[in-house]
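Student: Mind looking over this structure? Questions follow.
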Amino acid sequence: PWLVRNRARLGSARAREIANLGVGALLHDVGMLMLDPAVMERWASSADESDPAFRAHTQVGFDLVKDELEPTAAGIILNHHQRFDGSGFPSMPCFGSEPRPLSGERIHAFARIVGLVDAFDRLRFGVNDRLLSDGEPTPTVRVLGALQREPWRTRFDPIVLLGLMSVV
């Protein structure tokens with residue numbers, strides 16, 4: 001029901017279709033493949049999301065696939081770092097004001113889902129598929145606990161976070 005409500009412009013049968021969620025999830029970081037290796041190394045060592053060169057991966061990936069994928073799948077690639085509280089990226093054009101990140105329900109439901117799962121994966125396994133410094137993944141229960149506290153809690157749609165808690 002949440003998905004149908006969040007895709008209200010579609011009929012309920014079409015709103016339940018999630019193939020493009022899967023495609024976008026699989027390709028969400030495709031833009032990382034196009035980044036300079038030095039940027040990738042910086043990201044792997046620091047996980048600093050404020051690095052403009054790292055932030056470019058969302059637009060680079062979107063530009064790479066926008067004419068090849070359905071808009072909902074391509075939108076995941078562009079917007080999977082948008083945050084529910086408005087602290088994400090990239091900045092988007094806004095009518096009557098300066099570009100700014102999307103927030104709340106202005107972020108497509110699929111991008112909200114993939115953004116949370118991406119953060120869960122990063123907290124569990126480290127950056128760039130490298131295990132964390134002690135050589136082991138962070139226990140799932142510890143990651144789920146962290147996602148329920150600041151600074152993570154307000155970054156994600158609370159209903160999507162509850163959904164992750166229920167399936168993990």
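Student: So how far, in whole Å, is the C-alpha centre of region 1-44 from the one of region 52-110?
Tutor: 10
Student: Separate question: Hey, can you find the accessible area per residue of the chain for me, probe 1.4 Å, expressed in square angstrom?
Tutor: 57
Student: Pick out, in residue order, every one of the trypsin sites (Lys or Arg not before Pro) in region 44-136 that is DSSP loop and has at most 15 other C-beta atoms within 10 Å; say none if there are none.
Tutor: Taking region 44-136 and a limit of 15 other Cβ atoms within 10 Å, the loop trypsin sites (Lys or Arg not before Pro) found are K66, R130.
Student: How large are Rg and Dmax for region 22-67 when only the alpha carbon atoms are used, in Å?
Tutor: Expressed in Å, the Cα Rg and Dmax of region 22-67 come to 10.8, 33.
Student: Would you mind checking which residues have amide H under 5 Å from R100's amide H? H placed 1.01 Å from N; only 5 or more apart, or other chain.
Tutor: M92, C94
Student: A further question on this structure: Pairs of alpha-carbon atoms within less than 8 angstrom and 6+ residues apart define the contacts here; what relative contact order does the chain have, in percent?
Tutor: Averaging sequence separation for qualifying contacts and normalising by length gives 18 percent for the chain.
Student: Next question. Residues with amide H under 5 Å of D157's amide H, sequence separation 5 or more or different chain, H placed in the peptide plane at 1.01 Å from N; which?
Tutor: When sequence neighbours closer than 5 places are left aside, the close amide H contacts are F84.
Student: Could you look at the chain and say what percent of its accessible area is carbon and sulfur, using a 1.4 Å probe and all protein chains?
Tutor: The C+S portion of the solvent-accessible surface of the chain is 57 percent.
Student: Tell me, in nm to one decimal, what length is gained between V4 and F125 on full extension, where the rule is 0.36 nm per residue of separation less the Cα-Cα distance?
Tutor: 40.4 nm
Student: A further question on this structure: To one decimal place, what orientation-averaged projected area in nm² is obtained for the convex hull of the Cα set of region 1-98?
Tutor: Quarter of the Cα hull surface area: 7.8 nm².
Student: Next question, about the same structure. Using unit Cβ charges (K, R positive; D, E negative) and no other charged atoms, how large, in debye to the nearest 20, is the dipole of the chain about its Cα centre?
Tutor: Taking the Cα centre of the chain as origin, the dipole is about 760 debye.
Student: OK, next. Can you give the convex hull volume per residue for the Cα atoms of the chain, as a whole number of Å³?
Tutor: In the chain, the Cα convex hull volume per residue is 126 Å³.
Student: Let me know the Kirkwood hydrodynamic radius for region 48-100, please, with Cα pairs as the basis and the value in Å to one decimal.
Tutor: 11.8
Student: So which GluC sites (Glu not before Pro) in region 41-123 end up in coil per DSSP with only 10 or fewer other C-beta atoms within 10 Å?
Tutor: E68
The values are calculated or read from the model by the stated rules, or taken from the named source; none is laboratory data. Given the structure is predicted, the values throughout are model-derived calculations rather than measurements. Methodologically, a virtual Cβ is constructed for each residue, glycine included, from the backbone with ideal geometry; neighbour enumeration extends over all protein chains shown. Remember, those area values only see protein heavy atoms, side chains included, never the ligands or the DNA or RNA. Shrake-Rupley method; radii C 1.70, N 1.55, O 1.52, S 1.80 Å.
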